[in-house]
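Read through the structure below, which is laid out as structure tokens, and then see the notes.
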Amino acid sequence: MLTTRPRGTNDILPGEVEKWQFLQQLTGQVCREYGYGEIRTPIFEHTELFTRGVGETTDIVEKEMYTFTDRGDRSVTLRPEGTASTVRAYVENKLHALPQPLKFYYIGPMFRYDRPQAGRYRQFHQFGVEVFGSNDPAIDAEVIAMAMDIYQRIGLKKLELHLNSVGCPACRPVLRQKLQEYFKPHLENLCPNCQGRYERNPLRILDCKSEKCQEFGKDAPTTLDVLCPDCSSHFEAVKGYLDEVGISYTINNRLVRGLDYYTRTAFEIMTRDIGAQSSIGGGGRYNGLIEECGGPATPGIGFALGLERILLTAERQGIVFPVSRGPQVFIATVGSGVARKAFGLLQNLRQQGITAEQDYLDRSLKAQMKYAGKLAARFVIILGEEEFDRGVAVVRDMQAGEQQEVALGELVSFIKHKG
Ligand code: AMP
């Protein structure tokens, strides 16, 4: 136990973490360009926020939450996703009083107790955005375009954008009834899960993964058959904006988010490179959610992208990320008399913005040179007592394999100039 991490969690080590830093920097940059401000909410919240905000009949709430009772006998839950917390923060901080819409982004760990496998973890990371206060279809298109833009800048290829509209509380009851009529004769043959969904949430039978349910659901009515005129024109407008910026999509009328507060646009970005067909991101509109969470009726839309799955897809597609480079300078010392001077020089170089390293294991000069090679240092400054007394040091260019004496006072400009 002591030397094994909990199942479904990962250590992100130096060498790998640079990819994460790259993603964080890239998403932050894209958010600045699109006008989204970062929001940081707690990693845990009152359990009720998620039962309400994610929905009692969802897999997340039914079987995946990390819920525990704290020492004050309160039930708290490690956040399984980011939307509910962002909504809570919006309501609690009365952000609806500010000029709307408000556009947020977040990046960080999420927790779901699921069966771990490649691309599915118990602690995983999402980058997500949420926009509150606008029902404009241009916002739907903007968040979708933003997700696609991020994937594109990472270099991911062959992604499929699936798009649907799940209607609104005006058109969905019609669908609910139609679906129940349709599935009634097949009820006994549906999977146990869907038999339960039949009453509670028949829409979700449409996205059941079981082959049997998919077969029975092949000709089932879908949301697109029953969209009310407002939802229909909203959907047409979203598609129009996407067409305008050349984003291709596949209409997928099986893509559902079954809860009442999910409205209109639903989308998912899929790849075939990390399994049969895996989602690397998804989102949609939730015009009823903010009210459900105790706020004023406010439209909202957002998405979340899974960072582990992005990295896995990138790896499968052979995408090369910026790698960490060795230090610009390694200071090798000859004789213990220059240790303090070397330390002073090291500090000086770093303060001048030069990445610098030295030996801390009392190695011989030969071993220090070997170690500098392993660190992939660009230059080695060899500091000996005799040279120091003459006010110089030997600088070895590890790339060119040449070395020369440089005056101590010139070291910084020499490295900056050559490196
Ligand atoms: P969701 O919040 O379920 O819509 O998920 C949004 C994205 O998060 C998915 O498209 C995945 O890329 C990612 N994701 C969800 N669950 C997990 C998990 N258990 N492990 C890794 N990534 C996940």
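For this structure, a couple of remarks:
- Residue within the range 18-38 that is touching a residue at least 12 places away in the same chain (Cβ under 8 Å), part of a loop (DSSP other than H, G, I, E, B) and either surrounded by 14 or more Cβ atoms within 10 Å (Cβ to Cβ) or touching a Gly at 6+ places or on another chain (Cβ under 7 Å) (or both) present: yes
- Restricting the first member to the range 82-93 and to residues that are under 19 Å from Phe111 (Cα atoms), and the second to residues that are among the β-branched types (Val, Ile, Thr) and in a helix (DSSP H, G or I), the beta-carbon pairs closer than 9 Å and six or more apart or on different chains are Val87/Ile290.
- Residue match in the range 95-106 (condition: in a strand (DSSP E or B), buried (at least 19 other Cβ atoms within 10 Å of the Cβ) and hydroxyl-bearing (Ser, Thr, Tyr)): yes
- Search result, residues across the range 379-419 that are surrounded by 14 or more Cβ atoms within 10 Å (Cβ to Cβ), assigned to a strand (DSSP E or B) and either touching a His at 6+ places or on another chain (Cβ under 7 Å) or among the hydrophobic types (A, V, I, L, M, F, W, C) (or both): Phe379, Val380, Ile381, Ile382, Leu383, Val392, Ala393, Val394, Val395, Val406
- Summed over the range 273-317, the residues that are away from the ligand (no atom under 11 Å from the Cβ), in a helix (DSSP H, G or I) and either among the small types (Gly, Ala, Ser) or touching a residue at least 60 places away in the same chain (Cβ under 8 Å) (or both) give a count of 4.
- If you check Glu92, Glu64 for being more than 18 Å from Glu291 (Cβ to Cβ) and either over 17 Å from the mean Cα position of the chain (by Cα) or among the hydroxyl-bearing types (Ser, Thr, Tyr) (or both), only one passes: Glu64.
- The residue that is nearest to Arg197 (Cα to Cα), among those in the range 67-89 that are assigned to a loop (DSSP other than H, G, I, E, B) and either over 20 Å from the mean Cα position of the chain (by Cα) or away from the ligand (no atom under 16 Å from the Cβ) (or both), is Arg74.
- Every listed requirement among (1) closer than 24 Å to Ala376 by Cβ; (2) within 16 Å of the ligand (Cβ to nearest atom); (3) among the aliphatic types (A, V, I, L, M) is met by Val323 save one, (2).
Bear in mind these aren't lab numbers, they're just calculated from the coordinates by the rules spelled out. Treat the numbers as computed from the prediction; the structure is a model and nothing was measured. When we count neighbours, we look across all protein chains shown, and the Cβ atoms used for this are built from the backbone with ideal geometry, even at glycine.
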